[in-house]
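Heads up, the thing below is written out as structure tokens.
Derivation of every value follows stated rules applied to the coordinates shown; laboratory data play no part. This is a predicted model, so every value here is computed, not measured. Backbone-built Cβ (ideal geometry, glycine too); neighbour counts: all protein chains shown.
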Amino acid sequence: MKLNRKEIVSRHNPILTKAEPFAPLSIGNGEFGFSVDVTGLQTFYDDYKTPLGTQSNWGWHYTGGRGVYSVKDVAYQSYETYGRQVGYPMKPEDKAEAYHWLRQNPHRLQLGRIGLKLKHRDGSVVRLEELQHVRQELDLWSGIIRSEFTVDGTPVTVTTSCHGEHGAVGIRVQSALLAEDRLQLFVRFPAPDMTHTSWSKAVFPDWGNDERHGTEVAAEASSFVVLQRSMDQDCYGVRWEWSAGKLKRTGAHEFTLHGAEGAERLECTVHFAPEEPEPLTAAEAEESSRAQWPAFWESGGAVDFSGSTDERALELERRVVLSQYLTAIHSGGSLPPQETGLMYNSWFGKFHLEMHWWHAVHFPLWGRTSLLQKSMDWYVSILPLAKQLAASQGYQGARWPKMVGFDGVQSPSPVAPGLIWQQPHPMTMAELIYRAQPERSTLERYAELVFEAADFMVSYAHWNEARKSYDLGPPLIPAQECHHIHEGMNPPYELEYWKYGLEIALRWAERLGRPANPAWAKVAGAMARLPQQDGVYLAHELCPDTFTAKNRDHPSMLGALGMLPGTLVDREVMRRTLHKVNEVWNWDSAWGWDFPMCAMTAARLGERELAVDFLLLNATKNTYLANGHNFQRPGLTVYLPGNGGLLTAVAMMACGWNEGTDRELPGFPQNGRWSVKWEGLQPLL
């Protein structure tokens with residue numbers, strides 16, 4: 001029986017009856033995102049703990065212009081690597097200015113702020129706490145937000161939408177305050193620079209430094225204005241179109257729209273674009289949104305938990321529905337997303353390629369492969385840079401960087417350059433795409449990515465003559481980042497992933513009828529044994545205190561079975577490891593994706609109750625706010641790898657994995673309290 005998708009989705013529409021400063025709602029289309037406060041716009045910006053963002057995949061900026069510094073200008077540290085020195089840009093040392101500039105640039109732009117100017121009858125400014133009768137609802141089925149509140153007893157209704165193909169925000173305002181000129185709309189633009197050396201203190205835009213950017217009127221008429229934004233060598237356009245009203249310039253980078261005399265209704269569209277935006281009305285933005293979102297929800301997979309009696313089931317369904325919506329907006333575009341998506345800048349607005357798996361692997365599992373394909377093409381564009389990075393360290397093939405902007409240039413960092421677990425990610429994602437679309441054109445589209453990545457992997461692995469096996473590291477920082485680069489050796493997850501990635505390359509060569517690099521099979525067949533002690537797996541070979549001093553950050557050894565099939569894994573050793581993690585891990589130090597990772601490991605081990613327990617563990621970093629975002633801490637109130645990981649785990653727990661035989665809820669308890677119906681899902685690898 002086909003699931004009633006609209007019913008499933010709509011019962012989880014976020015409905016707010018007060019301001020939620022940590023949980024603003026958002027609209028968007030994968031390339032553009034816009035988040036709003038309780039007024040439906042960005043009126044009370046300073047009162048929100050989560051920055052109210054207007055961001056895109058095309059809007060980036062370099063402070064001072066492009067090429068101020070290059071990676072050649074930073075200090076490198078050399079690490080002994082089996083008889084040779086390999087350099088990594090790990091610390092600023094005496095080249096701090098270049099180090100920090102490269103970390104900060106390029107950064108995503110906050111494109112602008114759209115808000116209301118609200119006044120009391122005496123002319124004083126309305127404060128957030130003075131709003132009354134607040135009700136705000138995000139209709140997930142249409143992607144449209146309706147916000148209602150009163151000011152001094154006068155109702156205000158704001159309807160906010162985003163065009164499905166353009167960076168255009170459609171706005172409808174209904175209130176007698178318009179006729180009294182006690183309600184106006186404004187657009188304000190911040191300075192573009194990001195200069196703080198701590199990303200956690202650089203999340204809020206700079207609303208000063210007016211001289212650092214330009215806002216010029218390129219064209220105007222009685223019902224629209226076209227603005228040209230400029231900053232150093234970067235620029236973009238904004239077109240503000242309205243039904244009736246009068247626009248005034250009220251600041252160096254601010255414009256205010258007054259409603260038409262006596263009118264109680266105002267409609268407008270603010271359209272952001274890399275060049276001159278095209279004319280679009282609020283009605284067109286709404287119509288596009290009403291077409292986009294039902295098509296999204298009717299496609300791909302769906303899960304219904306409504307028949308369950310477990311008290312946690314409804315909350316899990318809420319998280320699943322909202323995570324689908326949020327990842328479509330923030331993780332489904334043409335670039336790998338930053339961890340806060342298009343909400344606000346984290347880690348200087350850059351994205352982390354080791355997180356791309358968590359952001360996007362769920363798309364093909366939920367039957368939405370096209371949303372993963374959009375960002376996969378970016379790897380093709382940076383392949384020459386990845387090959388240069390490998391060659392600069394004396395390796396073959398292509399080495400994917402960790403923390404990058406749209407340009408694909410590696411950022412210096414005390415951790416990022418030492419990570420390797422992002423290396424097989426594009427191979428895994430390409431394999432998932434092929435399984436959804438098993439055509440030669442798919443193989444040809446991504447073959448070079450797969451093969452060049454594999455060539456680096458065999459070049460990186462070191463033959464241990466004494467043990468007749470291949471080692472990984474040192475130097476190496478495992479996915480559990482609290483380890484020093486000079487001591488990381490043979491972490492279990494990376495060992496399993498190296499083997500798995502090389503086996504993908506072998507399959508792709510066979511499918512294409514091409515000769516495989518003989519080293520792929522040689523290295524895959526002789527990886528080092530997963531290190532263990534006292535019957536449990538260690539974080540890495542040189543870490544005997546894994547479950548004492550190092551029981552923090554990611555318990556990534558579990559990823560060897562869960563995220564992966566675990567062909568090198570002893571299942572009973574992994575079972576003991578899973579239970580040990582459950583007993584002693586410091587969950588306050590974990591991250592949002594660790595909980596679904598543990599759930600996936602439990603599911604593969606047949607620990608169904610434990611799988612659900614992990615997925616819904618009562619921990620701060622496993623909190624999902626009213627807007628559906630995975631909260632980590634103040635300053636990081638949005639963490640999309642948690643949302644994506646949740647969707648991956650639920651798909652796997654519902655319909656299984658490829659080497660498994662159970663396709664009917666293998667990860668959910670069979671205790672009579674869980675009734676889970678699903679359709680359109682695909683098994684994990």
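Around Leu495, with a cut-off of 14 angstrom between Cβ atoms, what is the net charge of the other residues, counting Lys and Arg +1 and Asp and Glu -1?
That sum, taken over residues with Cβ under 14 Å, equals -3.
Which whole-Hz couplings ³J(HN,Hα) result when phi for each residue of segment 242-248 is put into the Karplus expression 6.51 cos²θ - 1.76 cosθ + 1.60, θ = phi - 60°, listed in order with x for Gly and Pro?
9, 6, 6, x, 9, 9, 10
Let me have the 222 nm mean residue ellipticity of the chain computed from DSSP H runs of 4+ only, each contributing -39500 (n - 2.57), with the sum over all residues rounded to the nearest 500.
Value at 222 nm, helices only: -9000 deg cm²/dmol.
How big is the Cα convex hull of segment 437-595 in projection, averaged over all directions, in nm²?
Average of the hull's projected areas for segment 437-595 equals 10.3 nm².
Which of the lysines could a cross-linker span from Lys201 if the Cα-Cα distance has to be under 25 Å and same-chain partners fewer than 8 positions apart are dropped?
Lys49, Lys91, Lys95, Lys350, Lys402, Lys621
Under 29 Å from the Cα of Lys248, which lysines turn up, not counting those fewer than eight places away in the same chain?
Within reach: Lys117, Lys119.
So, in nm, how far is label Lys522 from label Ala263 when the simple model puts each one 7 Å beyond its Cα toward the Cβ?
A separation of 7.5 nm, rounded to one decimal place.
Just want the ordering: Asp613, Asp594, from fewest to most Cβ atoms lying within 10 Å of their own Cβ.
On the way: Asp613 18, Asp594 28.
Least crowded to most crowded, the residues run Asp613, Asp594.
Tally Lys and Arg at +1 and Asp and Glu at -1 over the other residues with C-beta under 11 Å from the C-beta of Arg445: what net charge comes out?
Working: positive: Arg440; negative: Asp377, Glu439, Glu444, Glu448.
My count for the surroundings of Arg445 gives -3.
Among the aspartates and glutamates, which have Cα under 18 Å from the Cα of Lys499 when same-chain residues fewer than 8 positions away are ignored?
Filter leaves Glu354, Glu431, Glu452, Asp455, Asp471, Glu510, Glu541, Asp570, Glu659.
Note the angle between two axes, namely the Cα long axis of helix 492-512 and the longest principal axis of the Cα atoms of the chain, as a number of degrees from 0 to 90, rounded to the nearest 10.
Its long axis makes an angle of about 90 degrees.
Roughly how many nanometres apart are two label points built 7 Å out from the Cα toward the Cβ at Glu439 and Asp210?
Spacing of the two 7 Å Cα→Cβ label points: 5.5 nm.
Using only the Cα atoms, what convex hull volume per residue in Å³ does segment 616-685 have?
On the way: hull volume 8.1 nm³, N = 70.
About 116 Å³ per residue, rounded to a whole number.
For Ser222 and Ala549 in the same chain, what is the full-extension length gain: residue separation times 0.36 nm, less their Cα-Cα distance, in nm?
Full extension of this stretch gives 111.0 nm more.
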